[in-house]
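Read the structure below first, then the notes.
Read-outs throughout are calculated quantities, based only on the coordinates presented, and are distinct from any laboratory measurement. Just so you know, these numbers come straight off a predicted model, no measurement behind them. With ideal geometry, Cβ positions are generated from the backbone for all residues, glycine too; neighbour counts draw on all protein chains shown.
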Ligand SMILES: Cc1cc2nc3c(=O)[nH]c(=O)nc-3n(C[C@H](O)[C@H](O)[C@H](O)COP(=O)(O)O)c2cc1C
């Protein structure tokens, strides 16, 4: 707990005890399961539109789309088809009226003048529901294929670039004319109108030392990785303490795949079925992108590979709605995190069930919910 004031006028009070619950939109084919036995999510706009409407009807707080430019292959051709993040969220802003709409932009792909305008446009379309997930880009092949990989700029250097990028954008959102001479970006009497109606919500999944420092310095929230509540708690406290040193309050989120069953055993059987259909080639494609084959395999990496063989690309919880409610409550209680971004094997059954059976109990157990923003 901290008594620091909130830094953003986004209706996200510094610490209400309430949780922000949203959906990681399935805009990449295959969703987040590397299995030939998983439901065949096509990543299409029509499917995503139904999911967005279901998320809003369920009472969830936000929907977010990642940005991805290269898939992992295999028989399932995992993530080889992906929609553009900003365009999709702009369309979904029209399809919804209450849920917050967060889009992802890569700092190495978009000029800050373009990105500032994209999010200001999303703010106008959504009537103040816009958010930006900033990513620096990690996997060379994804960007080198377009000739867009900044050679000679290492991992931490890409966060230096991101400081300049977001600094330029915040100024373009609020100032008449911006002149800025940076290492990576030059702005000369630059203008950007319209201004967003409120400071758009910003989030980043900077989990490395430099990434977390950047996120704590500049963003409203951080996505932490991992599903172990104790480890998540350590990461969450470290992130909040880093932000507190800058007199800032930062919300901490993580991801979770929810696999429902009529019994816990049935949910486990579904997970076993997914595991039996592991697409080895797609798994290797993912590990290759992560750089696993470029370096020696250590113990930590082996543990990661073993986890990935479950076919789940994100932490997961299995069981009846009651079991899922208990596990998620425990996760929040132990970790002290402020929210979750949810993934489902089949969103069109999972999202409504979550809304009916799990969400009301979580709201009850963790009151102090964030007030809703304006209707679009
Ligand atoms: C919830 C979440 C969403 C992410 N979305 C994207 C994305 O859309 N595109 C992308 O290239 N990387 C994405 N990433 C990767 C992060 O931006 C980041 O590179 C990664 O967490 C490693 O942290 P680091 O950059 O501090 O090393 C995401 C990570 C998480 C946990």
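Before moving on, here are some points about what is shown:
- For the pair the stretch 232-267 and the stretch 90-142, the centres of their Cα atoms are 22 angstrom apart.
- Ranking of 136, 207, 320 by count of other Cβ atoms within 10 Å, fewest first: 207, 320, 136
- Span per principal axis, largest first, for the Cα atoms of the chain (Å): 62, 47, 40
- For the stretch 130-181, the Cα-based Rg and Dmax, in that order, read 13.3, 38 Å.
- Stokes-Einstein diffusion for the stretch 234-376 at 10 °C, viscosity 1.306 mPa s, with a Kirkwood radius from C-alpha pairs, works out to 90 µm²/s.
- Set against the 2.2 N^0.38 Å expectation for a compact globular protein, the stretch 85-138 has a Cα radius of gyration ratio of 1.08.
- Rounded to 5, the percent of DSSP beta bridges in the stretch 20-365 classed as antiparallel: 15 percent
- For 335, 310, the sequence from fewest to most other C-beta atoms within 10 Å is 310, 335.
- Gain in span if fully extended, residue 244 to residue 177, counting 0.36 nm per residue against the direct Cα distance: 21.0 nm
- At q = 0.16 Å⁻¹, base-10 log of I(q)/I(0) for the stretch 41-154 (Debye sum, equal scatterers on each alpha carbon): -0.80
- Sorted by Cβ density within 10 Å, fewest first, the residues 135, 351, 114: 114, 135, 351
- Prolate/oblate/rounded call for the stretch 256-296, Cα gyration tensor, a/c under 1.5 rounded: prolate
- From its DSSP helices (H runs of at least four residues, each -39,500 (n - 2.57)), the chain gives a residue-normalised ellipticity at 222 nm of -12500 deg cm²/dmol.
- Gaussian network model of the chain, springs between alpha carbon atoms under 10 Å - residue of 262, 281, 80 with greatest fluctuation: 262
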